[in-house]
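What follows is a single structure, written as structure tokens, with notes after it.
The values are calculated or read from the model by the stated rules, or taken from the named source; none is laboratory data. This one's a predicted model, so the numbers in the text were calculated from it and none came from an experiment. Cβ coordinates were reconstructed from backbone atoms using ideal geometry, including for glycine residues, and neighbour counts include every protein chain displayed. Just so you know, the surface numbers come from the protein's heavy atoms only, side chains and all, with ligands and any DNA or RNA stripped out. Shrake-Rupley method; radii C 1.70, N 1.55, O 1.52, S 1.80 Å.
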Amino acid sequence: MSAGSQVYLRRELVCQGDTIKLRYGEKPEDSPYLWAHMKTYTEITARVFSGLCLVNCLSTPLHVSEAMLSAARSIKPNLYVIADISTSSQHIENVHVTRLGITSLVRDDVGSSERQEDWGYQSLFGKEPVGAFCQPSHRPLIPAVTHTMLMDRSHNHHSPIQIINIIIIIVQLSTMKENQQYTCWNSEAHTSSQVNLQTGMLAVKLALNRLHHKLAAEGFSQVYVEQLDECVVAVTRHCPSSHQSVVAVLRRAIKNPETHYYTNDVPPMLIPGRIKEVVVEARTIVNRTNSNKKDDNMSALPNCTIDIKEHIQLNDSKLVKKADMVSKHNSVLQEVAFEKFTPGSIIIFRVTLEPRSHEKLGALRSHLIQFSPQYQTGSLADNSTPSILTKPLMIIMSKLTLADMNVLLYHCDAEEREDGRGCYNIPSWLPLNYGGLQGLMSVLAEIRPKNDLGHPLCDNLRQGDWMMDYVSNRLLAKEGALGEVGHWFQAMFGYLKHIPRYLVPCYFDSIIQGAYNTALEAVFKRMSSFVQNGSSLVKQLALGSVQMCGVDHSWAMPTISPHLKDVQSSFNEVTKEEQCFVSLAAGLPHFCAGVFRCWGRDTFISLRGLLLLTGRYLEARNIILAFGGTLHHGLIPNLLGSGTNVRYNCRDSVWWWLQCIQEYCTLVPDGVSILKCPVKRMYPNISEQKPYGAGEQPLYDVIQEVMQRHMHGIQFRETNAGPQLDSNMTDEGFNVEAAVDQTTGFISGGNRFNCGTWMDKMGESERAHNKGIPATPRDGSAVEIVGLCKSTVRWIVKLHNNGHFPYAAVNICRGGQTYSESYAKWDLKIQENFEKKFYIPHDPKDYEGKQPELVHKRGIYKDSFGSSSPWCDYQLRTNFPIAMVVAPELFTVEKAWEALGIAERKLLGPLGMKTLDPE
């Protein structure tokens, strides 16, 4: 015993008959001889054998095992490592498996009857569970449980030899003291003193080995293990293409038959399908009359014989009392009752599907071939195919517009409730995020790679047809091509409802996944070449166009001129015919329905990416013209509010609208023609509110009005101002102002009680004393609005020079006289003043600001100019890059790169940009 040892005070010594505890220390230097000796032994073992078994793995220090296995793998890199880790902790197992690179675990089944939860591991011994999902050719690499070898008893458990098991019998022999001879081998053996492949346990093993070989060759790759009671276990091997099964039922002897009484009561078993034959039937017969007879030959169980039969009919079985066909959940099952099923018995059934299920499943697989050739095996021709299934789904999908695809694929709960439904709610779990296919695909994408058949979604599918009916019925309620897709789903689910319930999740996923991928293919075909030829990232981003753009009458856009071509319309019982075109949801799920769906700023910030780059030019045109019709006071609405709750309380949305018109003219073939499109005005005269649609004018006149109003100066109070409009805003906040600073050419406006840009969080807490106080008022000249104005003015100059815009200037009223200022001069004024007013140079002498003491960073562009709170101007925020994108000519290249570098260091985080410098 070493000095300082507390072996008698603490449990530092584990005494076992075959175990010696060695003290390795922390490193080889602590015990040089022991480390060197064991390393040499390990290397010799690795040279001789293909694998190693780590016995009592937890008893060996982890760092020692790592060092020894590293030495072994230097000899044999592909070493197979088996380990005995007897612990109930999954975490401890994972640590050892990960650090030691264990190939397989050995799990000891002795005592598992007292620990029924251990059978949760047994369903993982096979490659896949029965009813596993059909995996795509490319799927994500996910963590998996280490392969496990199930054994009745490992070398660490010395059970009585009388414990009988038909699967594995461990013979306990002493190689030093054993004097008995092996039993004589005789190919024509007729007595108990002689053996061959047709006698005793060898016959059973041979039958099982033949069966295993046959099952592997025929693709029976799925496994399910079920414990029927304390002693009875059922193991199912299943072929995922033919859907034939082999079910082995065995009764173990987990206690000594000499001292324990086993009843003849064995629970009946429900087997899906129809039993075709009994492949193997064997039972152990104990001869108690010769229990004391001395046998000169070695025999594990001298008093036992094996009664075995192969390939017999169910009626000829001695272990099956009866087998009745029963119906449950639209599935046909065979209920098997056992008799004389004593410990040490096994019976193996070959099971096929009930004929009707086989026919329906074969027809279903034939219709799934259009999605993947893997369904070819096991498919059958359908003599009564519904007409909707006689043509490929792609032909039906190609009729859908992208607005239809919004319904098919997406629609969150608020959008679904507008149609009187809501998203499907999975009992004991959660509602789906979308009513469309994406709601299911998001969940199935998590379930499928793990084959998580215990998920509540799978359980819901096995219990009933509710989810299938939801998918088809929500589409059948629609008209046109969407209704056709609904009929397609209804026909496909018609097959699915008549197959065994354990297979429903797998084939439901196959139908949904195939339809979803077909829909995506149809979506991309309707988009621009930029998307069609783009990367997978581009395609995934382009799906945002389908997700956010939809049509619904409850939040319809303002109507546009009836003189325009290609304006979609629909019919209802009230107005007979009405326009219907897409609008953009401001956000999901909270800003997608009702009066809060359409926001001017959000719409035109996103319109370029969602509609123009994806090739949805007509929808982009309609949205531009619809918002143009709402122009009032020189602004477009912040909140459109279905046209009845309009709020003109932001300064930037009209400039985003103008930027989108510029992008439309640039990106769309003959895009400048939009400038001549008629705009149906809601408020054609600022002095009076005429009836809706009282006047129409070309878009270029509306653009000119915007520029003229800003040059003249905008000042008004919101309609219905007060707490009924905004319960948090102070009275001053309802006053809206915007104008052109005649010195700099910048757009300026707002006050400290409102927030007219996208940073529009209004204080709401009386307790925190911030109610009615914006977090970021950004009054004065906001940097991105200045950039957007510069971009628009520059564009108008170019349009006028090319003959596409009839106006060369705007008028200014001063002192009762009217002056004219050309767009070219306005453009130049902004250009000359931008860096003077917004850039903070490194040399204080070069800075023209009035309050240099507020400067806390140099080499950056200010967030605003002329704010009522001067310190706000000097904040480092994320808005100057917007101006950099739309009006790059305003920035000196070297200064721009430096400012971007500072923004990257100070604002860029792992998930995006901060909106304010933390310093």
Scanning the stretch 271-307 for residues that are among the aliphatic types (A, V, I, L, M) and either assigned to a loop (DSSP other than H, G, I, E, B) or modelled with pLDDT under 90 (or both) gives Ile285, Val286, Met298, Ala300, Leu301, Ile306
Being touching a helix residue (DSSP H, G or I) at 6+ places or on another chain (Cβ under 8 Å) and farther than 30 Å from Glu732 by Cβ is true for just one of Glu832, Glu784, Glu848. Which residue is that? Glu848
Is one or more of the residues making up the stretch 829-847 free of Cβ contacts under 8 Å to residues at least 24 places away in the same chain, closer than 21 Å to Met707 by Cα, out of contact with any Leu (no Cβ under 8 Å at 6 or more places or on another chain) and not assigned by the TED database to the domain that holds Arg651? yes
Kindly indicate whether Lys825 is in contact with a Leu (Cβ under 9 Å, 6 or more places away or on another chain) and not hydrophobic (A, V, I, L, M, F, W, C). no
Matching residues, the stretch 853-868, being out of contact with any helix residue (DSSP H, G or I) (no Cβ under 6 Å at 6 or more places or on another chain) and over 18 Å from Asp741 (Cβ atoms): Glu853, Val855, His856, Lys857, Arg858
What are the residues in the stretch 780-798 that are of a type outside the set (Ser, Thr, Tyr) and open to solvent by less than 10 Å² (accessible area, probe 1.4 Å), if any? Gly780, Ala782, Val783, Glu784, Ile785, Val786, Gly787, Leu788, Cys789, Lys790, Val793, Ile796
Cβ pairs under 7 Å, 6+ apart, first in the stretch 27-53 and closer than 24 Å to Thr103 by Cβ, second open to solvent by 40 Å² or more (accessible area, probe 1.4 Å): Glu43/Ile75; Ala46/Ile75; Ala46/Lys76; Arg47/Ile75; Ser50/Tyr80; Gly51/Tyr80
Residue identified as at pLDDT 95 or above, open to solvent by 10 Å² or more (accessible area, probe 1.4 Å) and within 34 Å of the chain's Cα centre (by Cα) among Ser606, Ser642: Ser606
The stretch 205-225, subset open to solvent by 50 Å² or more (accessible area, probe 1.4 Å) and free of Cβ contacts under 8 Å to residues at least 12 places away in the same chain, residue nearest to Met269 (Cα to Cα): His212
Regarding Val523, is this residue buried (at least 22 other Cβ atoms within 10 Å of the Cβ) and β-branched (Val, Ile, Thr)? yes
Number of the condition not met by Ser868 [criteria: (1) touching a Phe, Trp or Tyr at 6+ places or on another chain (Cβ under 9 Å); (2) not in a strand (DSSP E or B)]: (1)
Is it the case, given these coordinates, that Asn833 is within 51 Å of the chain's Cα centre (by Cα) and not charged (D, E, K, R)? yes
Give all pairs with beta carbons closer than 9 Å in which a residue from the stretch 364-392 that is under 18 Å from Ile512 (Cα atoms) meets a residue that is surrounded by 13 or more Cβ atoms within 10 Å (Cβ to Cβ) and among the acidic types (Asp, Glu); count only pairs at least 6 apart in sequence or on separate chains. Leu364/Asp382; Ser366/Asp382; His367/Asp382; Ile388/Glu484; Leu389/Asp382
Would you confirm, using the coordinates I've provided, whether Asp843 is in contact with a helix residue (DSSP H, G or I) (Cβ under 9 Å, 6 or more places away or on another chain) and open to solvent by 20 Å² or more (accessible area, probe 1.4 Å)? no
Would you check if Arg621 is under 31 Å from the mean Cα position of the chain (by Cα) and surrounded by 22 or more Cβ atoms within 10 Å (Cβ to Cβ)? no
Residue in the stretch 401-434 that is nearest to Met467 (Cα to Cα), counting only those that are in contact with a strand residue (DSSP E or B) (Cβ under 7 Å, 6 or more places away or on another chain) and open to solvent by 30 Å² or more (accessible area, probe 1.4 Å): Asn425
Filter result (small (Gly, Ala, Ser) and either out of contact with any Phe, Trp or Tyr (no Cβ under 9 Å at 6 or more places or on another chain) or open to solvent by 20 Å² or more (accessible area, probe 1.4 Å) (or both)) within the stretch 226-247: Ser241, Ser242
Output the residue which, of all residues in the stretch 333-377 that are small (Gly, Ala, Ser) and not in a helix (DSSP H, G or I), is nearest to the chain's Cα centre (by Cα). Ser372
On the given criteria, is Trp826 assigned to a helix (DSSP H, G or I), in contact with a strand residue (DSSP E or B) (Cβ under 8 Å, 6 or more places away or on another chain), under 28 Å from Lys798 (Cβ atoms) and among the aromatic types (Phe, Trp, Tyr)? yes
Criterion first (more than 13 Å from Leu639 (Cα to Cα), modelled with pLDDT under 90 and not in a loop (DSSP other than H, G, I, E, B)) does Glu619 satisfy it? no
Regarding Ser398, is this residue of a type in the set (S, T, N, Q) and surrounded by 19 or more Cβ atoms within 10 Å (Cβ to Cβ)? no
